[in-house]
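Visitor: Structure provided below as structure tokens; questions to follow.
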Amino acid sequence: GAGVSQSPSNKVTEKGKDVELRCDPISGHTALYWYRQRLGQGLEFLIYFQGNSAPDKSGLPSDRFSAERTGESVSTLTIQRTQQEDSAVYLCASRLAPGESYEQYFGPGTRLTVT
Amino acid sequence: AQSVTQLDSHVSVSEGTPVLLRCNYSSSYSPSLFWYVQHPNKGLQLLLKYTSAATLVKGINGFEAEFKKSETSFHLTKPSAHMSDAAEYFCVVSGYSSASKIIFGSGTRLSIRP
């Protein structure tokens, strides 16, 4: 079946502009995660959605970052007033259920470049 | 505090020789453990996972890992490296006190010499 998809695959934006990144999880997956991966670095947790529960926003680096998810479907990550340090690959992952034994399925990522 | 530590940021081996990527974790609970691989400009792919069944776990592409509770380790091994194994590898621990928290190691870059 279809995997996790993300769009756009690449985004170049000017400093100060807002950007919106999209994630389509695997159908039926209740859990959805956003991560940031800077060049040559590991994954940095941003936000977690589980069903209709309040999201875990503990990883969002500033109030310029926000995310939404409608039910158990598409999620959008919005970065307002982008800064050069926001340049990174933004990865989305979905998971069938929140139990610890379930693996995550990752999308290909959106490469964001802020000029 | 719960954590996962990948002991080597970079490992280089010759093609055909064994691979060992080291991972240690700390946990108050019995965690689930995963290894993911990330090839250049690609997304992350699950290699294998441990979920409290057999302690020796076999994954894709000939990789395996052994869960050793006494050593709090989950090292990734492969008997014979192939050029296509060159990638970044992440050890991940899940479970702890909050199902939402999945802890990624900092990654180990594996290079393969011809």
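Visitor: Quote the FRET efficiency, to the nearest 0.05, computed for B:His82 versus B:Leu56 with a Förster distance R0 of 22 Å and r equal to the Cβ-Cβ distance.
Guide: So the FRET efficiency works out to roughly 0.55.
Visitor: Among the trypsin sites (Lys or Arg not before Pro) in the range A:33-86, which ones are in a DSSP loop with at most 16 other Cβ atoms within 10 Å of the Cβ? Mind listing them?
Guide: A:Arg38, A:Lys57, A:Arg64, A:Arg81
Visitor: So, with +1 on the Cβ of K and R and -1 on the Cβ of D and E, and no other charges, what is the size of the charge dipole of the protein assembly as shown about its Cα centre, to the nearest 20 debye?
Guide: The dipole of the protein assembly as shown has a size of about 180 debye.
Visitor: Pop out a list of residues from the range A:66-108 that are at least 40 Å² less accessible with all the protein chains around than in their chain alone; 1.4 Å probe, no ligands or nucleic acids counted.
Guide: Going by heavy-atom accessible area, the residues of the range A:66-108 that drop by at least 40 Å² are A:Glu100, A:Ser101, A:Glu103, A:Gln104, A:Phe106.
Visitor: Any chance you could get the radius of gyration and Dmax over the Cα atoms of the protein assembly as shown, in Å?
Guide: Spelled out, the Cα radius of gyration and Dmax of the protein assembly as shown are 17.7, 52 Å.
Visitor: Only loop residues by DSSP count here, and only those with at most 11 other Cβ atoms within 10 Å; note down the GluC sites (Glu not before Pro) in the range A:1-61 that meet that.
Guide: Those satisfying the criteria are A:Glu14.
Visitor: Strictly over 21 Å apart at the Cα level, which of B:Lys58/B:Lys78; A:Lys17/B:Lys101; A:Lys11/A:Lys57; B:Lys49/B:Lys69 would you flag in this model?
Guide: Over 21 Å apart, Cα to Cα: A:Lys17/B:Lys101; A:Lys11/A:Lys57.
Visitor: Where the only charges are on Cβ atoms (+1 Lys, Arg; -1 Asp, Glu), what is the dipole of chain B about its Cα centre, to the nearest 20 debye?
Guide: 160
Visitor: Using a loss threshold of 50 Å², tell me which positions in the range B:39-78 are less accessible in the complex than in their chain alone. Probe radius 1.4 Å, ligands and nucleic acids ignored.
Guide: B:Leu44
Visitor: Shifting gears a bit: Send over the Kirkwood Rh of chain B, from the inverse of the averaged 1/r over different Cα pairs, rounded to one decimal Å.
Guide: Kirkwood hydrodynamic radius for chain B: 14.1 Å.
Visitor: Normalising by the residue count of chain A, find the relative contact order in percent from Cα pairs under 8 Å and 6+ residues apart.
Guide: Computed over chain A, the figure is 37 percent.
Visitor: First select every other residue whose beta carbon is under 15 angstrom from the beta carbon of A:Val19; then total the charges, Lys and Arg +1, Asp and Glu -1.
Guide: Every neighbour counted, the sum reads +2.
Visitor: Here is a further query. State the answer as a single residue: which of A:Leu96, A:Ser27, A:Pro108 lies farthest towards the positive end of the charge dipole of the range A:3-115, with beta carbon charges of +1 for Lys and Arg and -1 for Asp and Glu, about the Cα centre.
Guide: A:Pro108
Visitor: Out of the total accessible area of chain A (probe 1.4 Å, heavy atoms of protein only), what percent is carbon and sulfur?
Guide: Result for chain A: 45 percent of the exposed heavy-atom area is carbon or sulfur.
Visitor: Another question, if that's okay. Tell me, what is the 1.4 Å probe accessible area of A:Asp18, in Å² to the nearest 10?
Guide: Here the residue's solvent-accessible area equals roughly 90 Å².
Visitor: Continuing with the same structure: Heavy-atom accessible area per residue, the range B:1-84, 1.4 Å probe: how many Å²?
Guide: 52
Visitor: Name the residues of the range A:11-48, by number, that are at least 50 Å² less accessible with every protein chain in place than in the isolated chain; the surface is that of heavy atoms, probe 1.4 Å, without ligands or nucleic acids.
Guide: Those are A:Leu43, which lose 50 Å² or more relative to the chain on its own.
Visitor: Tell me, what is a quarter of the convex hull surface for the C-alpha atoms of the range A:34-89, in nm² with one decimal?
Guide: 4.1
Visitor: How long are the semi-axes of the equivalent ellipsoid of chain A, defined as square roots of 5 times the Cα gyration tensor eigenvalues? Whole Å, largest first.
Guide: Listed largest to smallest, the semi-axes of chain A are 23, 14, 13 Å.
Visitor: Would you tally the net charge around B:Glu66, using a Cβ to Cβ cut-off of less than 12 Å, leaving B:Glu66 out, and scoring K and R as +1, D and E as -1?
Guide: Around B:Glu66, the surrounding residues sum to +2.
Visitor: Using a 1.4 Å probe on protein heavy atoms only, how many Å² of accessible area do B and A hide from each other, summed over both chains and rounded to 100?
Guide: For B against A, buried area totals roughly 1600 Å².
Visitor: When ligands, DNA and RNA are left out and all protein chains stay put, how many square angstrom of accessible area per residue does chain A have with a 1.4 Å probe?
Guide: For chain A, the solvent-accessible area averages 48 Å² per residue.
Visitor: When only Cα pairs under 8 Å and 6 or more residues apart are kept, what is the percent relative contact order across chain B?
Guide: Over chain B, the number comes to 37 percent.
Visitor: At a 1.4 Å probe radius, carbon and sulfur cover how many percent of the accessible area of chain B?
Guide: 51
The values are calculated or read from the model by the stated rules, or taken from the named source; none is laboratory data. Since the structure is predicted, the reported quantities are computational estimates derived from the model, not experimental observations. With ideal geometry, Cβ positions are generated from the backbone for all residues, glycine too; neighbour counts draw on all protein chains shown. Accessible surface areas use protein heavy atoms only, side chains included; no ligands, DNA or RNA. Shrake-Rupley method; radii C 1.70, N 1.55, O 1.52, S 1.80 Å.
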